[in-house]
Amino acid sequence: RDPFKVTVIGSGNWGTTIAKVVAENTHLHPHLFKEQVEMWVFDEKIPKNPEDKDGEFEMLTDIINTKHQNVKYLPDINLPHNLHANPSLTDAVKDADILVFNIPHQFLSRIVANLKGHVKPEVRAISCLKGFEVGKKGVQLLSSYITDELNIQCGALSGANLAPEVAKEHWSETTVAYQLPKDFKGEGHDVDHRILKVLFHRPYFHVNVIDDVAGISIAGALKNVVALGCGFVEGLGWGNNAAAAIQRVGLGEIIKFGRTFFPECKVETYYQESAGVADLITTCSGGRNVKVAKHMAKSGKDAFEAEKELLNGQSAQGIITCREVHEWLDTCEMTEEFPLFEAVYQIVYNNVPMKNLPDMIEELDSFV
Ligand code: NAD
Ligand code: 13P
């Protein structure tokens, strides 16, 4: 068959990093992939002089295509020259065989709506997003949402992967999960586990491919909520023991959420895969969610102000995910069964004091 054309949808901190990984591999494997990788960019004006925001500017896509750096979302990282920034979503996905979705999840529904009628019916997809879609169909994995809306097969990539470290080519591991579609065209003709491994594996980015899409997606979405809880206790100055306690309770609630709402996911995924407990640990150590929550604790600012002040347009996905999880649990009348997720929601949206966290998650038993 002809080499697969790959398009990355998104160009933020992780979107640009994964586009770099993918473009390095398409360059090395021209028999499998078209060398040029398209990266859709939600284009924006970048001031030529950062001190003069109203002065002359350049478009981000032009900077990426000439300087080969994403100066706003991944500064100081050189990008491969076969990575092409494209401000037109429909042009970027034209004739694509593999779509790699990588945008903050609050923008997914609009992007998917804009893709309808513009992708090949046999295109395959991988979602690198962390979050859920909560709507008429209840709580949905983002890969399932993409499948339902576009009628295409979609897996997921998730792992202990802080983008700046991966971009600097510091070693890490990740998990890709993908299930072959019913209309699989056969090895060598269609995307399978081997193709996905070649597309994403780098000497500094070790990939394990499995089929538990639900397990890795649930862990990836919910660890962002746990990381907010961790950031609150760290910001209060309570130290490592408190942070470990939040992670212990959080892991339990992640597994319970999966068992309750996605019975197809496998418990061993949480313990054995990079997308499981390893991602929880790395995010709680150095992720954006923990930083935003710490800043809230120290400054008294709300989550949205803290995110704006710290992240220069990047997104701490836990802020939205904790609301979505609350809405879903409330619909199911199960908020009390997930006290940490509920406590994080109450702190972020209803100004409940952070110092109440231990009481809110205490497992009351007959000995107390
Ligand atoms: P980001 O947090 O850097 O967000 C910035 C991106 O959002 C930019 O590309 C910007 O153009 C885009 N954007 C802003 N407004 C938009 C709009 N109205 N419509 C469409 N796009 C808009 O994004 P990211 O770090 O690339 O994260 C993408 C996903 O990957 C998230 O779900 C995140 O949880 C996940 N993830 C991130 C990391 C990481 O370390 N950054 C690691 C693993 C997974
Ligand atoms: P943050 O969004 O909190 O930085 O976490 C990134 C991540 O998902 C690491 O795997």
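The values are calculated or read from the model by the stated rules, or taken from the named source; none is laboratory data. Note that the structure is predicted; figures quoted are calculated from it, not measured. All Cβ positions, glycine included, derive from the backbone under ideal geometry; neighbour counts span all protein chains shown. Heads up: the accessible areas ignore ligands, DNA and RNA and are worked out on the full protein's heavy atoms, side chains in. Shrake-Rupley method; radii C 1.70, N 1.55, O 1.52, S 1.80 Å.
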The chain: most fluctuating residue of E44, E133, E35 per GNM, C-alpha cutoff 10 Å: E44
Heavy atoms of C230 accessible to a 1.4 Å probe, total area in Å² rounded to 10: 0 Å²
Cross-link table K294/K355; K5/K185; K223/K266; K34/K94; K94/K137, entries beyond 23 Å C-alpha to C-alpha: K94/K137
Gain on full stretching of the segment that runs from N49 to C332 - 0.36 nm per residue minus C-alpha separation: 96.7 nm
Eligible lysines near K53 by straight Cα distance, threshold 17 Å, same-chain separation 8 or greater: K45, K72, K308
Dipole of the chain [Lys/Arg +1, Asp/Glu -1 at C-beta], most positive-end residue of Q106, G252, L196: L196
Candidate residues H326, H84, H105: accessible-area rank, largest first, probe 1.4 Å: H84, H326, H105
Three semi-axes of the equivalent ellipsoid, the chain, Cα gyration tensor, whole Å, largest first: 34, 25, 18
No Cys partner within the rule (Cβ under 4.7 Å), the chain: C128, C154, C265, C322, C332
Folded to 0 to 90 degrees: helix 213-235 orientation relative to the chain principal axis, Cα: 50 degrees
Relative contact order %, the chain, counting alpha carbon pairs below 8 Å whose residues are six or more apart: 14 percent
Karplus-derived 3J(HN,Hα), 6.51/-1.76/1.60, for each residue of region 98-103, Hz, glycine and proline x: 10, 10, 10, 7, 7, 9
